[in-house]
């Protein structure tokens, strides 16, 4: 089976940097996704890591350590519109599917 | 616009009834996934189809069933509905079997009264 853990809620200030962690336990790991979901809307893809290291994409970066079963999403220069839920999802080759964590609700305050 | 179309957007029905949710994947995508998201909860994987064949199954209730047709659109059938089935149902599609990002439709909000 798979177990994915993310903090339930986080709060940060506009303009600041925030790191959202995700830990997982799985067999047959073959990639980790991060999605952003605004309330009542569809999740949208942010990043995909399959190898160890940091992937940078504008204000967002994602890091993966396969040996530690750990990933984080780093959001820089926070904007109010970044207030959303951030979902970590792990693709398991053995199961043939991605499993989502319950998401971290980020609130950005002025 | 993700390119994934779900209909209807909203559905209100009574307990015990049966409904069908429809999903058209992005052009060229072979995989279709169905997820359930109850209020303030995470995405729960229901089922995945790849090119017409069932590929993976999550904790989908026996009252629920799905299929993917030759034109790759998919339908999720929910029967003997209960109040607890009220949720957002998302469909997603991807080009491969899971190692590429999924594109989500806007969801169908089902309310069972």
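Bear in mind these aren't lab numbers, they're just calculated from the coordinates by the rules spelled out. Note that the structure is a prediction, hence the values are computed from the model and not measured. For neighbour counting, all protein chains shown are included, and Cβ atoms are generated from backbone atoms with ideal geometry for every residue, glycine included.
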> In this structure, does residue A:69 turn out to be in contact (Cβ under 8 Å) with a residue 12 or more places away in the chain and within 23 Å of residue B:45 (Cα to Cα)?
Replying inline: yes
>> Quick test for you: out of A:85, A:47, pick the one residue that is at the interface with chain B (Cβ under 10 Å from one of its Cβ atoms), assigned to a strand (DSSP E or B) and closer than 19 Å to residue B:35 by Cα.
In response: A:85
> Which of the residues belonging to region A:16-35 are free of Cβ contacts under 8 Å to residues at least 60 places away in the same chain and surrounded by fewer than 20 Cβ atoms within 10 Å (Cβ to Cβ)?
Replying inline: A:19, A:21, A:23, A:25
> If you check residue B:58 against the conditions, is it within 21 Å of residue A:38 (Cβ to Cβ) and surrounded by 13 or more Cβ atoms within 10 Å (Cβ to Cβ)?
Replying inline: no
> Condition test on residue A:31, is it within 14 Å of chain B (Cβ to nearest Cβ), under 30 Å from residue B:9 (Cβ atoms) and out of contact with any helix residue (DSSP H, G or I) (no Cβ under 6 Å at 6 or more places or on another chain)?
Replying inline: no
> Given (1) more than 12 Å from chain B (Cβ to nearest Cβ); (2) closer than 25 Å to residue B:33 by Cα; (3) surrounded by 13 or more Cβ atoms within 10 Å (Cβ to Cβ), where does residue A:41 come up short, assuming only one miss?
Replying inline: (1)
> Of all the strands (runs of 3 or more DSSP E) wholly in region B:39-110, which have at least 3 residues that are within 12 Å of chain A (Cβ to nearest Cβ) and in contact (Cβ under 8 Å) with a residue 24 or more places away in the chain?
Replying inline: B:44-50, B:87-94
>> I'm told residue A:58 meets every condition in (1) surrounded by 13 or more Cβ atoms within 10 Å (Cβ to Cβ); (2) within 30 Å of residue B:106 (Cβ to Cβ) except one. Can you identify the failing condition by its number?
In response: (1)
>> Consider region B:26-38. How many of its residues are surrounded by fewer than 19 Cβ atoms within 10 Å (Cβ to Cβ) and either touching a helix residue (DSSP H, G or I) at 6+ places or on another chain (Cβ under 9 Å) or within 11 Å of chain A (Cβ to nearest Cβ) (or both)?
In response: 1
>> Let me confirm something: among A:90, A:108, which residue is under 11 Å from the mean Cα position of the chain (by Cα), touching a residue at least 60 places away in the same chain (Cβ under 8 Å) and surrounded by 19 or more Cβ atoms within 10 Å (Cβ to Cβ)?
In response: A:90
